[in-house]
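What follows is a single structure, written as structure tokens, with notes after it.
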Amino acid sequence: ALAGLRALVAPLRPPDKAAEPEAPMDEYAARTRADGLPADRWLRTHVRAGGRVEGVAWCSSTVQATLARWREWTGLPFDRDGPVVVPGALAPVHVSTAQNAAVYVEANVWVSHAVPAG
């Protein structure tokens with residue numbers, strides 16, 4: 001393998017997960033179709049290309065900002081405490097009106113690919 005690397009491991013953002021933001025990522029990533037391939041189209045693409053689902057990157061991306069900034073980004077009111085579902089997000093955004101802040105923590109899926117010898 002080039003430079004002695006035998007595998008490439010990457011955190012993938014499965015786009016179809018946005019339709020189920022409250023589903024836990026480990027349960028979502030484990031779903032398969034009748035043919036045994038992942039239900040999610042992006043994970044399926046990687047598995048078809050020889051990749052292997054390895055696990056979940058639980059805190060792959062974290063965004064913390066003021067409520068005003070979240071309102072600007074999303075057009076949503078962010079006027080109550082607790083989880084808020086944002087279109088396109090893979091998980092709910094957690095809001096604290098007392099702290100004037102909201103935090104989004106996105107899990108991704110670790111997928112490994114063998115690096116060809118060369």
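Whenever you get a sec, compute what percent of the accessible area on the chain sits on carbon and sulfur atoms (1.4 Å probe). Don't skip to the answer; put the middle values down first.
Working: 3930 of 7060 Å².
Taking all protein chains in place, the chain shows 56 percent carbon and sulfur surface.
The charge dipole of the chain, taken about its Cα centre with unit charges on the Cβ atoms of Lys, Arg (+1), Asp and Glu (-1) only, comes to about 420 debye. Think of the chain as a dipole: +1 on every Lys or Arg Cβ, -1 on every Asp or Glu Cβ, centred on the Cα centre; then among P92, A102, T32, T32 lies furthest on the positive end. Here, the chain has an Rg and a Dmax of 17.4, 57 Å when only alpha carbons are counted. Equivalent ellipsoid of the range 56-114: semi-axes from √(5λ) of the C-alpha gyration tensor, largest first, are 26, 11, 9 Å. Take E54: with every protein chain present and a 1.4 Å probe, its accessible area is about 90 Å².
Please compute the per residue accessible area over the range 19-71 with all protein chains in place, 1.4 Å probe, rounded to a whole number of Å².
Numbers: 3330 Å² over 53 residues.
So the range 19-71 comes to 63 Å² accessible per residue, rounded to a whole number.
The values are calculated or read from the model by the stated rules, or taken from the named source; none is laboratory data. From a predicted model like this one, the values you see are computed outputs, not experimental measurements. All Cβ positions, glycine included, derive from the backbone under ideal geometry; neighbour counts span all protein chains shown. Ligands, DNA and RNA are stripped out before the accessible areas are found, and what is left, the full protein with its side chains, is counted by its heavy atoms. Shrake-Rupley method; radii C 1.70, N 1.55, O 1.52, S 1.80 Å.
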